[in-house]
Amino acid sequence: MSDDTGIERGPDGKPRCRWGLSAPEYLSYHDREWGRPLHGETELFERLTLEAFQSGLSWLTILRKRENFRRAFDGFDIEKIAEYGAKEVKRLLSDAGIVRNRKKVEAAITNAKAARAMRANGETLDELIWGFAPDEPRPAPATFADLEPTTPESKALAKELKRRGFVFVGPTTVYATMEAIGVVNDHLAGCAFR
């Protein structure tokens, strides 16, 4: 059962955002993770990093490689990644289990250093990102056409992250992160998992 709203019934009969049914990995991600509030430095750094790696690719590619990314990037431990040098960059660029893009690998290291600097100043990535949550929840989007790739909040957060030394964090990447970690809820209005 599908309609023009972007909602489709899943194998259990529950209505979902149609994209969540396009691959088994998406079904689990849609139902259990996407749009659910997520906190924690490591967890948020992972999502921000993976969204940057996704740029120009399908999220499914990243999702299928997520465990490889976790292994390759020391569980997204900010302190460890901030210490990466030429040896680790070479290792990562030869790892076929992840996306081997020098600019994205170097961005992950730069961003770990920026997140570590925040910690040194008594600030957290968690507080920063969640500090840009909209004051009022937006109305549930009725269709995918109602979704924008950026919002004023994602533009402001991207600007603030860049000011703090983060790279590869444009407003679209930042908004995708905000959706993924539940800062905003972009499950469609008819989705059972909204």
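Annotations for the structure displayed:
- GLY40 falls short on exactly one of the conditions (1) within 24 Å of ALA145 (Cα to Cα); (2) surrounded by fewer than 19 Cβ atoms within 10 Å (Cβ to Cβ), and that condition is (1).
- For region 3-16, the count of residues that are at pLDDT 95 or above, on the phi < 0 side of the Ramachandran plot and assigned to a helix (DSSP H, G or I) is zero.
- Top-ranked residue in region 136-172 [being buried (at least 17 other Cβ atoms within 10 Å of the Cβ) and touching a Ser or Thr at 6+ places or on another chain (Cβ under 6 Å); ranked as nearest to LYS113 (Cα to Cα)]: VAL167
- Residue pairs whose Cβ atoms lie under 9 Å apart, separated by 6 or more positions or on different chains, with the first residue in region 155-166 and under 20 Å from ILE109 (Cβ atoms) and touching a residue at least 24 places away in the same chain (Cβ under 8 Å) and the second among the β-branched types (Val, Ile, Thr) and not in a helix (DSSP H, G or I), are LEU161/VAL167; LEU161/VAL169.
- Output for region 94-117, where each listed residue is touching a residue at least 40 places away in the same chain (Cβ under 8 Å), among the β-branched types (Val, Ile, Thr) and within 21 Å of ARG64 (Cβ to Cβ): ILE98, VAL99
- Of residues in region 136-191 being assigned to a helix (DSSP H, G or I) and among the β-branched types (Val, Ile, Thr), the one nearest to ARG9 (Cα to Cα): THR177
- Qualifying residue in region 86-97 (condition: crowded, with 16+ Cβ neighbours inside 10 Å, more than 21 Å from GLU127 (Cβ to Cβ) and among the hydrophobic types (A, V, I, L, M, F, W, C)): yes
- Lone unmet requirement of (1) surrounded by fewer than 19 Cβ atoms within 10 Å (Cβ to Cβ); (2) more than 20 Å from ARG47 (Cβ to Cβ) for LEU188: (1)
- Of the set (1) out of contact with any Phe, Trp or Tyr (no Cβ under 7 Å at 6 or more places or on another chain); (2) in a helix (DSSP H, G or I), all apply to ARG194 but (2).
- Selection from region 63-102 of residues that are in a helix (DSSP H, G or I) and among the polar types (S, T, N, Q): ASN68
- Exactly one residue out of GLU67, GLU25, GLU33, GLU88 is charged (D, E, K, R) and under 14 Å from the mean Cα position of the chain (by Cα): that is GLU33.
- The single condition among (1) exposed (fewer than 15 other Cβ atoms within 10 Å of the Cβ); (2) closer than 19 Å to PRO149 by Cβ that LEU60 does not satisfy is (1).
The values are calculated or read from the model by the stated rules, or taken from the named source; none is laboratory data. Since we're looking at a predicted model, the values are computed, not measured. No Cβ is skipped: glycine too gets one built from the backbone with ideal geometry, and neighbour counts run over all protein chains shown.
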